[in-house]
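The values are calculated or read from the model by the stated rules, or taken from the named source; none is laboratory data. These figures come from a predicted structure and were not determined experimentally. No Cβ is skipped: glycine too gets one built from the backbone with ideal geometry, and neighbour counts run over all protein chains shown.
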Amino acid sequence: MSDFAKLKDAMSDLSGKTALVTGAARGQGAVEAELLATAGASVLICDVLVDEGEALATRLAAEGRDVKFLKLDVTSEAGWLEALALIRDWTGRLDILVNNAGIINRKTITDMSVDEWKKVVEVNATGAFIGVKLAAPLMAETGGGSIVNISSNSAFSGHYDPAYTASKWAIRGLTRTAAMEFAEDGIRVNAICPGLIVTDLNRNSPHLGPMIGMTPMSRAGEADEVAQLVLFLASDASAFITGEDFVIDGGFTAGAGYRRVAKETGIL
Ligand SMILES: NC(=O)c1ccc[n+]([C@@H]2O[C@H](COP(=O)([O-])OP(=O)(O)OC[C@H]3O[C@@H](n4cnc5c(N)ncnc54)[C@H](O)[C@@H]3O)[C@@H](O)[C@H]2O)c1
């Protein structure tokens with residue numbers, strides 16, 4: 001017989017847990033950090049954007065949340081070590097890591113330089129790799145935890161951003177590999193693959209209208225909707241889930257191309 005009150009708590013109560021969220025000064029990461037803190041976790045907000053990160057931490061602390069901000073460039077191993085040392089001194093444990101930091105450079109393969117390629121892959125893929133590599137031992141010390149890597153629904157097809165797309169496919173491979181390596185340490189590793197969420201990453205991009213037009217649900221997603229999935233995967237409600245991709249894109253990956261054909265030919 002299930003204890004439903006306990007199940008409800010498992011989904012919403014992160015009391016006593018500590019989380020680190022990268023790229024959390026603004027956009028989806030900021031909403032994810034706020035939701036985890038609202039659920040009771042101590043949250044280290046990390047980003048290269050100092051003013052925005054400090055402003056968020058100040059607001060959340062004033063609302064009674066247990067948060068701190070640290071400037072962290074996810075490509076810096078030394079930066080990660082500093083962040084993990086801060087957490088060790090602060091709460092002594094790490095239960096949740098959200099590798100959310102990401103950048104994009106919308107150029108074709110023809111136009112993209114090798115250095116431009118490296119920069120995107122370095123932040124999006126190598127940054128997450130360093131995070132997983134250095135955070136896992138700290139998580140393992142207290143029995144494990146949950147790592148959530150933010151990929152993209154572009155990691156299910158070819159796309160028009162070569163380095164971004166390759167880096168987001170890399171996140172899916174890293175996620176599965178890490179899930180295998182750390183399962184016995186009690187660490188679960190999953191990926192979230194959002195579709196269009198309007199943020200500073202894409203606010204002025206010409207692809208917004210056409211993307212919404214092709215999305216079966218005819219809208220962009222909200223950062224809140226991704227944050228709820230982060231909370232689920234971070235919490236004990238997902239205790240038997242590891243090594244998985246979770247697409248959240250209003251049905252785009254499910255078959256938007258075929259749906260357009262069906263619409264244009266009168267089948268739908
Ligand atoms: N917006 C979308 O439609 C969409 C879709 C799929 C996936 N995503 C992914 O979601 C994540 C969040 O993106 P967003 O939409 O909130 O965009 P955003 O640009 O608002 O947020 C990205 C954050 O990452 C930070 N960042 C960039 N480089 C960093 C570095 N080297 N170290 C630390 N932080 C760094 C930025 O300062 C920013 O705060 C990204 O990984 C992005 O690829 C976004």
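Numbers for the structure displayed
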read-out: Search result, residues across region 2-25 that are touching a helix residue (DSSP H, G or I) at 6+ places or on another chain (Cβ under 6 Å) and either surrounded by fewer than 22 Cβ atoms within 10 Å (Cβ to Cβ) or assigned to a helix (DSSP H, G or I) (or both); value: Ala10, Met11
read-out: Pairs where the first residue, in region 7-21, is over 24 Å from Trp90 (Cβ atoms) and the second is part of a helix (DSSP H, G or I), C-beta under 6 Å, 6+ apart; value: Ala10/Asp236; Ala10/Ala237; Met11/Ala237
read-out: Arg259 exposed (fewer than 15 other Cβ atoms within 10 Å of the Cβ), modelled with pLDDT of 95 or more, over 26 Å from Asp13 (Cβ atoms) and of a type in the set (Lys, Arg); value: no
read-out: Evaluation of Thr75 against (1) within 13 Å of the ligand (Cβ to nearest atom); (2) more than 17 Å from Val98 (Cα to Cα) (one fails), failing number; value: (2)
read-out: Top-ranked residue of region 138-150 - restricted to ones that are free of Cβ contacts under 8 Å to residues at least 60 places away in the same chain, among the aliphatic types (A, V, I, L, M) and buried (at least 23 other Cβ atoms within 10 Å of the Cβ), ranked as nearest to the ligand (Cβ to nearest atom); value: Ile147
read-out: Members of region 71-112 found to be out of contact with any Phe, Trp or Tyr (no Cβ under 8 Å at 6 or more places or on another chain), aliphatic (A, V, I, L, M) and within 14 Å of Ala135 (Cβ to Cβ), listed by number; value: Leu81, Ala83, Leu84, Ala85, Leu86, Ile87, Leu94, Ile96, Leu97, Val98, Ala101
read-out: Tabulated pairs, region 244-268, first in a strand (DSSP E or B), second of a type in the set (Gly, Ala, Ser), C-beta under 6 angstrom, 6+ apart or interchain; value: Asp245/Ala191
read-out: Ala220 touching a helix residue (DSSP H, G or I) at 6+ places or on another chain (Cβ under 7 Å), closer than 22 Å to Ala256 by Cα and within 11 Å of the ligand (Cβ to nearest atom); value: yes
read-out: Selected residue [under 26 Å from Glu54 (Cβ atoms) and over 16 Å from the mean Cα position of the chain (by Cα)] from Gly143, Gly79, Gly127, Gly131; value: Gly79
read-out: Filter result for Thr126 (part of a helix (DSSP H, G or I), farther than 25 Å from Pro210 by Cβ and among the β-branched types (Val, Ile, Thr)); value: yes
read-out: Some residue of region 93-105 being away from the ligand (no atom under 13 Å from the Cβ), over 22 Å from Arg176 (Cβ atoms), touching a residue at least 60 places away in the same chain (Cβ under 8 Å) and not polar (S, T, N, Q); value: yes
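For every residue, the table says whether it meets (1) surrounded by fewer than 16 Cβ atoms within 10 Å (Cβ to Cβ); (2) more than 30 Å from Lys17 (Cα to Cα); (3) in contact (Cβ under 8 Å) with a residue 60 or more places away in the chain; (4) within 11 Å of the ligand (Cβ to nearest atom).
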site: Ser152; (1), (2), (3), (4): no, no, no, yes
site: Tyr164; (1), (2), (3), (4): no, yes, yes, yes
site: Ile171; (1), (2), (3), (4): no, no, yes, yes
site: Gly186; (1), (2), (3), (4): yes, no, no, no
site: Gly195; (1), (2), (3), (4): no, no, no, yes
site: Asn204; (1), (2), (3), (4): yes, yes, no, no
site: Pro210; (1), (2), (3), (4): yes, yes, no, no
site: Thr215; (1), (2), (3), (4): no, yes, no, no
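This table checks each residue for (1) among the acidic types (Asp, Glu); (2) closer than 17 Å to Ile45 by Cβ.
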| site | (1), (2) |
| --- | --- |
| Trp80 | no, yes |
| Leu84 | no, yes |
| Ile87 | no, yes |
| Gly92 | no, no |
| Asp95 | yes, yes |
| Asn105 | no, no |
| Thr108 | no, no |
| Asp111 | yes, no |
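Condition check ((1) touching a residue at least 40 places away in the same chain (Cβ under 8 Å); (2) within 16 Å of the ligand (Cβ to nearest atom)) across all residues:
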residue: Asp3; (1), (2): no, no
residue: Gly23; (1), (2): yes, yes
residue: Thr38; (1), (2): no, no
residue: Arg59; (1), (2): no, yes
